[in-house]
Amino acid sequence: MTDEKDINDNRNDNKSVNQNESAPEKIKEGVTRRDVLRAGAYTAAALAAPFIVNTGARVEASASEPVHKADLIVIGSGFAGTFAALEARKQGLSVVMVDKGVVGWSGMSPWASDSRPFDPDIYDREEWQQNMAMNTEYVNDRKWLDIFMDESLDIFNTLHEMGAHNTRPFERGSVVFRQELEDAGVSLVERTMITSLLQDDSGKVCGAVGFTYDDTAEPSKAVVLRADAVLLCTGAGSYKSPGFPIWGQTFDGDALAFNVGAKIVGKEYNDTHPTFAFAPAAAYEGWRWAQSVKGAYVMVGPPDKLDGGLTLGNALGVYQNGVNRQLGMGPGGEPPPPKGEERPESPMVKDNRKYLGKGYLTQPDLILDLGGPPEGAGEDAGFGHRVGGATAGMGVHKSEGVFCSDYSGAADGVEGLYAAGDALGSMLCGSLYPGRGFSSYGSAIQGRIAARNAVKYVKSVATRPKISQQQIEAKLAEMWAPRNVEQGYSPEWITATLQNTMTPIHILYIKEPRRLDGALASIEFLRTQCIPKMIARDGHELRMAHEVKSMLLNAEMKLRSGLFREESRGTHFREDFPARNDNEWHCWVTVQKQKDGMLMGKHMLPESWKPDKSKTYRENYPREFPGEIDFLTNNPQFTL
């Protein structure tokens, strides 16, 4: 362990963001046909002629930059990172928190509005377990759900004591969490991208390297961090889809962990948040309700057996019937209610009324949601009905990321590395997100648990692992490489090509081996042929270069996982295997780095987690995939 004085807190000044002009005001200005054609011409030109000259300054690899030292490095500052750092400080560790953006403003946490605390005085534990299992199609981790039910009410009370319930979601992190971290003595390193983890000769993770990318005032600098352990709280990711406001989330944590030998899990499943039919890039419009909430926003009732989750329904509707973009005509979208009319109450909403006035729900100033769409969420703002694809590339909350088999948050097989929140593939939510309220509190719970175990590990370390200067210099040279390539591909072009390859409905959601193989060949070409020739003309473009490296690695893992899992389940649909196969695939799919590629694996689940054998296949799996009935008729072994 180190003393407080060993921490070199070299914070960067926060850059101000112009928030005077709102997204709706910009949209009202209108876009002419000429603007659209001009943008299309630019895109076409970029795709057709990707090779460009690097006009930026060269950078020499150097390890002479200031070094941050602490007992624990926490990467990411959302719910998981905040609760992890505070827990580690509470137990006496020195902590450096690194964020690619600004603490409190980065990632998905500023958009997290709702919660679903489990109160044993009003809820039935077994009902939650059974409903969650059916909704997520029996591959959710039941022990993690037990842990959630044990600790979620304490998280609710802790946030209330912090004052988080007196703020709106985007103020919670930037005001409350940041103040808590500063008061606890956590050293904050911001606007810094971590590109590699450092390991000692035995393979223990004991540091990281990265760079400050904002070079508007001064040149980008290398950042070297040394510690006894690293905790990844890097959140989810996507392919910078324009329909979701998380463009900074690019699977960096998965890439960091994969490259030091950790297993990654859950890549075959997809998040299916919707966007607007007529303006799919109006990302913030879909979250107006979340940003207007002030107080404790609580989901009432247990997760439902079928409803309330993020399924493949929209994508399968388009696959079977095509797209009809007339308002209210679907498939491919959920129409808003007619103006002046309220949505009729669903059976779930009516049933959840029985919990009102009981347990913690009697506390004042709660905003209670009985399970219907949030107030204001159904408004279309003139942008049309909802369609899928907003989060293209993102996996299921709590079901994609670093694999840990013992509920400690420690990466299997990689000493000194921990993960929490959406960076941890805990499989809390299995094959699809079962309804609002599990993500933010799940992250907070896992952040505390991972930190507690990291504390035990750090206190058991007698001397800090040694990192060779040669390793640091090699990592820095790899990090700066795009700045020193004289002529090559821009990160923007590679990102656009990745998006065009991975985000079509027939690749991401409707899977078939030939198409997946074709996409995989394209992704492999980008990784092996284009990435080594990628250029970066400044710090921001260098950040984009490393982001697209992480996205491409994720894309390959996603495609290989989709090919490997020869069944359909939850948000994973294979045209050639349109049914569940509990005999062979009641498991989690893992991906691990090996010398000549990726090693695919199965982690089989307990027999007791399988569906009830006394019930029929359709009773256990009420959601029907296209072609499933005929397939099961010809392949009865799937239902045995």
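The values are calculated or read from the model by the stated rules, or taken from the named source; none is laboratory data. Model, not experiment: these values are computed from the prediction. All Cβ positions, even for glycine, are placed from backbone atoms using ideal geometry, and neighbour counts span all protein chains on display. Quick note on the areas: whole protein, heavy atoms, side chains included, nothing else; ligands and nucleic acids left out. Shrake-Rupley method; radii C 1.70, N 1.55, O 1.52, S 1.80 Å.
See the values below:
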| read-out | value |
| --- | --- |
| Check on VAL209, aliphatic (A, V, I, L, M) and either surrounded by fewer than 19 Cβ atoms within 10 Å (Cβ to Cβ) or not in a strand (DSSP E or B) (or both) | no |
| Only listed residue being under 22 Å from MET97 (Cβ atoms), free of Cβ contacts under 8 Å to residues at least 12 places away in the same chain, touching a strand residue (DSSP E or B) at 6+ places or on another chain (Cβ under 8 Å) and not hydroxyl-bearing (Ser, Thr, Tyr), chosen from GLU161, GLU182, GLU171 | GLU182 |
| Exclusive hit being of a type outside the set (A, V, I, L, M, F, W, C), open to solvent by 10 Å² or more (accessible area, probe 1.4 Å), within 22 Å of the chain's Cα centre (by Cα) and modelled with pLDDT under 95, set SER115, SER174 | SER174 |
| Hits in region 407-438 - residues which are open to solvent by 10 Å² or more (accessible area, probe 1.4 Å), of a type in the set (Phe, Trp, Tyr) and within 14 Å of the chain's Cα centre (by Cα) | TYR433 |
| Test: residue in region 189-201 that is surrounded by fewer than 24 Cβ atoms within 10 Å (Cβ to Cβ) and over 27 Å from the mean Cα position of the chain (by Cα) | yes |
| Flag for PRO465 being closer than 27 Å to HIS397 by Cα, part of a loop (DSSP other than H, G, I, E, B) and touching a residue at least 40 places away in the same chain (Cβ under 8 Å) | no |
| Filter result (in a helix (DSSP H, G or I), open to solvent by 20 Å² or more (accessible area, probe 1.4 Å) and either among the β-branched types (Val, Ile, Thr) or touching a Lys or Arg at 6+ places or on another chain (Cβ under 8 Å) (or both)) within region 484-506 | ASN484, THR497, GLN499, THR501, ILE505, HIS506 |
| Residues that are open to solvent by 10 Å² or more (accessible area, probe 1.4 Å), over 26 Å from GLU492 (Cβ atoms) and assigned to a loop (DSSP other than H, G, I, E, B), drawn from region 212-232 | none |
| Residues within region 593-608 that are in a strand (DSSP E or B), under 30 Å from TYR319 (Cβ atoms) and hydrophobic (A, V, I, L, M, F, W, C), tallied | 2 |
| Single match in LEU605, LEU640, LEU599, LEU632 (criterion: modelled with pLDDT under 95 and not β-branched (Val, Ile, Thr)) | LEU640 |
